[in-house]
1. Would region 193-211 turn up any residue that is of a type in the set (Phe, Trp, Tyr) and farther than 18 Å from residue 133 by Cβ?
2. Being closer than 28 Å to residue 24 by Cα, at pLDDT 95 or above and either in contact with a helix residue (DSSP H, G or I) (Cβ under 9 Å, 6 or more places away or on another chain) or crowded, with 21+ Cβ neighbours inside 10 Å (or both) narrows it down to one of 79, 119, 146, so name that one.
3. Being touching a Pro at 6+ places or on another chain (Cβ under 7 Å) and assigned to a strand (DSSP E or B) is the filter here, so list the residues in region 186-214 that pass it.
4. May I ask you to list pairs of residues, at least six apart or on different chains, whose Cβ atoms are under 7 Å apart, with the first in region 112-132 being at positive phi and the second being modelled with pLDDT of 95 or more and not in a helix (DSSP H, G or I)?
5. Out of everything in region 32-76 that is buried (at least 21 other Cβ atoms within 10 Å of the Cβ) and among the aromatic types (Phe, Trp, Tyr), what residue ends up being nearest to residue 119 (Cα to Cα)?
6. Across region 65-120, what is the total count of residues that are in a helix (DSSP H, G or I) and not small (Gly, Ala, Ser)?
7. In this structure, is residue 61 assigned to a loop (DSSP other than H, G, I, E, B) and more than 27 Å from residue 33 (Cβ to Cβ)?
8. May I ask you to list pairs of residues, at least six apart or on different chains, whose Cβ atoms are under 6 Å apart, with the first in region 196-225 being on the phi < 0 side of the Ramachandran plot and the second being acidic (Asp, Glu)?
Amino acid sequence: MAEWLEQIISEERLLHSGHAACPGCGPAVNVRHVLGGLAAAAPESKIVLVIPASCWTIIAGIWPVNAFGVTVHLTPFASAAAEASGIKSALRLRGQGDTQVVVWGGDGSTCDIGFAGVSAAAERNEDIVYVLNDNEAYMNTGVQKSGATPEGAWTTTTPTTAPRAGLKKDIARIMAAHRIPYVATLAPGSVPMLRDFRAKVARAAEVRGFRFLHTLGACPPGWKYPTAQSTEIARLAVESRYFPLFECDHGAWRITYRPKHPLPVSEFLATQGRFGHLSPAAIDTIQAHVDERWDLLVALEPQGAPSPERARAAPSRSPQREAERGAHPRASRSGIAKARRT
């Protein structure tokens, strides 16, 4: 464990210090481990990062400044998946098909405005890694509700007098329904969760075809909590099963982190001002929905085919299809916070 952590600490940072993200930005931690994990798993491959309109088009910087140690391509809200597909095709024609093309998209561009393009790229099984940076609202434009905003949450378009009604989109299962090779959820709330996070990134690096990684991106100003609590809030999201960690690898479902002593979801909700208006009855309803989703994931596990071991060895496309696209397989090396901000 100590040796593994030392490797993580000493690896090259592909998100440079001094960037423009807010203090305590959870997605800044996530993107650091996504890029670091991809680079560690395939050190011979270059990375192109495609970012649709979001906080991260600002954080990336204005040319000639670049906050990242990789090539960055900025896109409008709706076109990231399409542009990433085109970039991958162009690189393949130039003999650079081993370049990892990665989309870093928010929940607004992924679940709402750009979903048609995401779905189309998944249906075509484009050879890209699509990472959903889910901070559960349109944060860059003022914390408006998105399709990923959870039930009961305050946003500027769902104020406490009329909070978010209905459930957030179950985007990971929606993407799995496209029968893409790999879908996973990730949240670095503790060392075991970080190991799970990095293992899934490494798996995404070795699979070919469309891969979808759903990261939970805690946001201090949008979620209303102190900036030092982002990692703890990610931990509580997983330990309360609000954000379960699982994967669907070539159709095989597996819960990858099972809390030994699941916390009530109220402990996660209590850390954030966006849920401060909820009544006990509303919290009970959210708990019931959390339990229902967990039970659904448990039921999905034995239905996966092939087994996880066979799935990890299975190719994502036929050799003929790989040859047609000019793709070449590459090897892999592979306290609870109670304070709120009002």
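The values are calculated or read from the model by the stated rules, or taken from the named source; none is laboratory data. Here the structure is a predicted model, which is why all the values come from computation and not from measurement. Please note: Cβ atoms are built from the backbone with ideal geometry, for glycine as well, and neighbour counts cover all protein chains shown.
1. As a first pass, look at region 193-211 and keep what is of a type in the set (Phe, Trp, Tyr): 197, 210.
Restricting the remaining residues to those that are farther than 18 Å from residue 133 by Cβ gives none.
Checked against the condition, which is being of a type in the set (Phe, Trp, Tyr) and farther than 18 Å from residue 133 by Cβ, region 193-211 yields no hits at all.
2. After ruling out the rest, the residue left standing is 146.
3. Within region 186-214, just 211 meets the criteria.
4. Partner pairs satisfying both residue conditions: 125/180; 125/209; 125/210.
5. Of everything passing the filter in region 32-76, 56 is nearest to residue 119 (Cα to Cα).
6. Selection size over region 65-120: 13.
7. Answer is no for this residue.
8. 208/127; 210/126; 216/134; 217/134
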